[in-house]
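Visitor: Below are the structure tokens for one structure; questions will follow.
The values are calculated or read from the model by the stated rules, or taken from the named source; none is laboratory data. Note that the structure is predicted; figures quoted are calculated from it, not measured. Note that we place each Cβ from the backbone using ideal geometry, even for glycine, and neighbour counts take in every protein chain shown. Note: accessible area is taken over every heavy atom of the protein model, side chains too, but ligands, DNA and RNA are not part of it. Shrake-Rupley method; radii C 1.70, N 1.55, O 1.52, S 1.80 Å.
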Amino acid sequence: MGLTTSIGDYTNPRSLGSRFRRRRFAPLKRVFERIHAAKGRVEILDVGGRESYWNIVPADELAALGARITLLNLPEDCDPVERDDVFVAVAGDGCALPWPDRSFDVSHSNSVIEHVFGWQNKVAFAREAMRVADVWFHQTPNYWFPWEPHFGMPFFHWMPEPWRIALTMRRRLAWSERSRDVDEAMRVVELASLLCHAQVAHLFPGATIRRERLAGLTKSFVATRGVPVD
């Protein structure tokens, strides 16, 4: 098993990434239990989410909590769901959500906001995510962590853009195929723009910013409101 797979293979429950997800989810599950006890159901919006992500909790357990998870994705990324008693797939734009304020109990995203192109669109994404729910839970990798999770190599995100373009044209990186030309390479390089603590705190004012650590370094941030601190 290579380093990229051992870290980022979320289909493998023993991978480092899967273990981080389970640990990250534990306090959020307690929130679901609290809301379910009060209302008999839990309405969750997962912006940019996938049904497979929620394998960290058995679907029957989610159903028992009365969880209804809306997976919002761009039309080209909107996949049908298997457990339609728990999940519903909706096509839309995370920067302009189609629901009124506080339509959900919880708004959630996992490694999504770094893929939103442009700073003002990131601002809009965060504003909408906070608007539609009282409880927030939004995770994103840390720019200052040396491992770039999307491209599966150290220091990639710290390299000058021409170096990154050259690398994507020279070799396959993680799950990204080798780019055929500069245009394709630019689209790949612009796939993710990682954020620092100050940026995350600015995007989610009033949130508690949790630091997930690996080897003593901050691997990622989770911006939360209404989620108990372990």
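Visitor: Count neighbours as other Cβ atoms within 10 Å of each site's Cβ, and list the trypsin sites (Lys or Arg not before Pro) in region 169-230 that are DSSP loop with at most 15 such neighbours.
Guide: Values: sites: 170, 171, 172, 178, 180, 187, 210, 211, 213, 219, 225; in loops: 171, 172, 178, 180.
Sparse-neighbourhood loop trypsin sites (Lys or Arg not before Pro): 171, 172, 178, 180.
Visitor: Listed highest first by mean packing, meaning other Cβ atoms within 10 Å per residue, what order do 57-69, 75-87 come in? Show your work: numbers first, answer last.
Guide: Working: 57-69: 16.3, 75-87: 12.5.
Peptide ranking by packing, descending: 57-69, 75-87.
Visitor: About its Cα centre, what dipole magnitude does region 109-188 give when the only charges are +1 on Lys and Arg Cβ and -1 on Asp and Glu Cβ, stated in debye to the nearest 20?
Guide: Working: 10 positive and 9 negative charges, 35 e Å.
My answer is approximately 160 debye.
Visitor: Within region 197-227, find all residues whose amide N lies under 18 Å from a label point positioned 7 Å from the Cα of residue 23 along Cα-to-beta-carbon.
Guide: Answer for region 197-227: 209-224.
Visitor: What percentage of the solvent-accessible surface of the chain, computed with a 1.4 Å probe over protein heavy atoms, is contributed by carbon and sulfur atoms?
Guide: Values: 6350 of 11590 Å².
With neighbouring chains kept in place, the figure for the chain is 55 percent.
Visitor: Let me ask something additional. Residues with amide H under 5 Å of residue 132's amide H, sequence separation 5 or more or different chain, H placed in the peptide plane at 1.01 Å from N; which?
Guide: Those qualifying (amide H under 5 Å, at least 5 residues apart or on another chain) are 102.
Visitor: Counting DSSP beta bridges with both partners in region 85-230, what percentage is antiparallel, nearest 5? Could the numbers behind the result be given before it?
Guide: Numbers: 16 of 23 bridges.
Among the beta bridges of region 85-230, antiparallel pairing accounts for roughly 70 percent.
Visitor: Hey, what's the chain come to in accessible area per residue, 1.4 Å probe, Å²? Could you put the intermediate results ahead of the total?
Guide: Numbers: 11590 Å² over 230 residues.
Accessible surface, normalised per residue, equals 50 Å².
Visitor: So, with +1 on the Cβ of K and R and -1 on the Cβ of D and E, and no other charges, what is the size of the charge dipole of the chain about its Cα centre, to the nearest 20 debye?
Guide: On the way: 30 positive and 28 negative charges, 199 e Å.
I would put it at about 960 debye.
Visitor: What is the magnitude of the charge dipole of region 24-157 about its Cα centre, with +1 placed on the Cβ of each Lys and Arg, -1 on the Cβ of each Asp and Glu, and no other charges, expressed in debye to the nearest 20? List each step's numbers first, then the result.
Guide: Working: 13 positive and 19 negative charges, 114 e Å.
Using Cβ point charges on Lys, Arg, Asp and Glu, region 24-157 gives about 540 debye.
Visitor: On to the next question. In sequence order, what are the phi-derived ³J(HN,Hα) couplings for region 77-92 according to the Karplus relation 6.51 cos²θ - 1.76 cosθ + 1.60 with θ = phi - 60°, rounded to whole Hz, with x for glycine and proline?
Guide: Using θ = phi - 60°, the values come out as 10, 8, 9, x, 9, 8, 9, 6, 7, 10, 10, 9, 9, 10, 8, x Hz.
Visitor: Does region 52-137 come out rounded, prolate or oblate, given a ≥ b ≥ c as the square roots of the eigenvalues of its C-alpha gyration tensor, rounded meaning a/c under 1.5 and, failing that, prolate meaning a/b above b/c? Kindly include the intermediate steps, with their values, before the conclusion.
Guide: Values: a/c = 1.92, a/b = 1.52, b/c = 1.26.
Because a/c hits 1.5 or more and a/b exceeds b/c, region 52-137 counts as prolate.
Visitor: At 1.4 Å probe size, put 105, 134 in order of accessible surface, largest to smallest.
Guide: Details: 105 25, 134 75 Å².
Per-residue accessible area, sorted high to low, gives 134, 105.
Visitor: Karplus couplings for region 149-162 from phi (6.51 cos²θ - 1.76 cosθ + 1.60, θ = phi - 60°), rounded to Hz, Gly and Pro as x?
Guide: Rounded to whole hertz, the list is x, 7, 10, x, 7, x, 6, 4, 6, 8, 6, x, 4, x.
Visitor: Another one. Hey, how much of the P(r) for region 32-176 falls beyond 25 Å, as a percent of Cα pairs?
Guide: Pairs farther apart than 25 Å: 38 percent.
Visitor: Shifting gears a bit: Given the whole protein assembly as supplied and a 1.4 Å probe, what does the accessible area of residue 74 come to in Å², nearest 10?
Guide: Near enough 80 Å² of accessible area.
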